[in-house]
1. At 0.36 nm per residue, minus the direct Cα-Cα distance, what do Asp411 and Thr144 gain on full extension? Give it in nm, one decimal, please.
2. From the phi of every residue in region 259-267, what ³J(HN,Hα) in whole Hz does the Karplus formula 6.51 cos²θ - 1.76 cosθ + 1.60 yield, where θ is phi - 60° and glycine or proline is x?
3. List the residues, sorted by chain then number, that are 5 or more residues from Val299 or on another chain and whose placed amide H is less than 5 Å from its amide H.
4. What is the Cα radius of gyration of region 74-168 over 2.2 N^0.38 Å, N being its residue count?
5. Give me the compactness ratio for the chain, meaning the Cα radius of gyration over 2.2 N^0.38 Å.
6. What percent do you get for the relative contact order of the chain when only Cα pairs under 8 Å and 6+ apart count?
7. Output wanted: per-residue J couplings in Hz (rounded whole) for region 330-344, from phi through Karplus 6.51 cos²θ - 1.76 cosθ + 1.60, θ = phi - 60°, x for Gly and Pro.
8. Quick one: angle between helix 162-174 and the longest Cα principal axis of the chain, in degrees between 0 and 90, rounded to 10, please.
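None of the figures in this text is laboratory data; all of them are computed from the coordinates on show. This structure is a prediction, so every number in the text was calculated from the model and none was measured. When we count neighbours, we look across all protein chains shown, and the Cβ atoms used for this are built from the backbone with ideal geometry, even at glycine.
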Amino acid sequence: MDRAEQAAVDSVPSGLYIGGRWRETAATMPVHDPATGRVLRAVADATPEDGLAALTAAADAQRDWARTPPRTRSEILLRAHRMLLDDTERLALIATLEMGKPLAEARGEIAYAAEFFRWFAEEAVRLDGGYTTAPAGGSRFLVTRQPVGPSLLITPWNFPMAMATRKIGPALAAGCTSVVKPAEQTPLCTLALAEILHAAGVPAGVVNVVTTSDPGALMTPMILDERSRKLSFTGSTAVGKALLEQCARTVMRTSMELGGNAPFLVFDDADLDAALEGVLAAKMRNIGQACTAANRIFVQRSVIDEFAARLAERMAALPMGRGTEPGVVVGPLIDAAAVTKVTELVADARARGARVLTGGDPVDGPGNFYPATVLVDVPDDARMCGTEIFGPVAALAPFDTEDEALARANDTPYGLVAYVYTESLRRGLRVCEALETGMVGLNQGVVSNPAAPFGGVKESGLGREGGPTGIDEFLETKYIGVQL
Ligand code: NAP
């Protein structure tokens, strides 16, 4: 690490943030740089008792936070928004060092993350209610909205800053306190965020952060504790299902942002230049490690050869290296297991007849690198068509008809996002309506936007984050029947 990198890493507190104070723990856990394998620093490794202490702090702060005027909550969020933007260079460097993404993308993530605070600052002062007459006359319906209460927020490693603000923003705006648990591999962004929220004026106990190497042991007692009223989780479908079972015991409200298996459809009337840019964005953002990553790329038969050749040329030219190096697009994958998984998926597809146009072979260490890869003729029964590749591998297959493309696109238990490229308005809207996903990019390769409702159907999750309804995830509706 050079001096700037060391300074950025050292600037982050290493303890647990509970009740507005930093606490060291007896045990610590290492945070690694996925590009080199070196330890960046050690951070606190919370025990289940630490977790319950954080929940106590959140529960104790709940009443006062719920009573804090919406305008005050909004102004704190706006201050935090500005502080994140002003601190972009340091925070982006921290994200790149612990997660591996190229610095340019990390800067984009900080801007995206900050925007959730601005969006929810604006939503905090717009909570609506109602006062209506019962259909039979007489009584009145008074409907108001209240914070759901202390919330547990669990985030993944792939967007360590944005997934945290996407949950903390609406929780704060709605009047909920929270305990945030970042991923073991990327705790530094959330710890830096806690310090910013403190400085922005978030009162003690309103946001708490606990880091751990044993998430099940830490979170289970908190989830089963009746003081917790909400779990908002972003991560894999497998863990999400296990957490849903735990939440059932206390009938806890949940939001689940889970895995994806996005189909990317290119019709023969598409603007191929635009489709190429779109697929590069949808595939290569975060080195392919996004829930929204284009996982299965279906291209109409008459244009697939040209499209695949041009994509392979572009992918082969993408610079690979440590995310801090200028111009790098293909950073390291998060860990060695991710490289092994991608390697096995590519080997499986090749064994089933897929052809490699570029990449396809792992790179010698150090670091967890896998080259940008384009495969064509990937059969639907290849393992990579049924699971998230989570790496820089574009899997292409031809299709003949719209019905066939739709049937294959929908043939998955996941339903987060899909992408459609066509110049036909009729076909575009028809296909968008028929796709079984929570989101569709029509002639665009990125759908994420704090002002839009993000989320999936089927096994991709429950609820929506961001957008006009994002705050609803942290609110209860209360109806008061009024007899005049
Ligand atoms: P993951 O293994 O499910 O972990 C996600 C979070 O859950 C981490 O903080 C993890 O902690 C924690 N966790 C794991 N086991 C737990 C348990 N038993 N109890 C409580 N918490 C537990 O997922 P990941 O590999 O970090 O993230 C990648 C996945 O997230 C992909 O499937 C991706 O599609 C999905 N994702 C979805 C969205 C969306 O909005 N739909 C956005 C981004 C990512 P540890 O790190 O300590 O294991």
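1. Numbers: separation 267, 0.36 × 267 = 96.12 nm, distance 4.11 nm.
Gain on stretching Asp411 to Thr144: 92.0 nm.
2. Once rounded to whole Hz, the list reads x, x, 8, 5, x, 10, 9, 10, 7.
3. Sorted by chain and number, the residues that satisfy this are Val266, Ala397, Phe399.
4. Values: Rg = 19.1 Å, N = 95, 2.2 N^0.38 = 12.4 Å.
So region 74-168 has a normalised radius of gyration of 1.54.
5. Details: Rg = 23.0 Å, N = 484, 2.2 N^0.38 = 23.0 Å.
Dividing the Cα radius of gyration by 2.2 N^0.38 Å gives 1.00.
6. Working: 1147 pairs, mean separation 88.6, N = 484.
Relative contact order comes out at 18 percent.
7. 9, x, x, 6, 5, 7, 5, 5, 5, 5, 4, 4, 5, 4, 5
8. Helix 162-174 sits at roughly 30 degrees to that axis.
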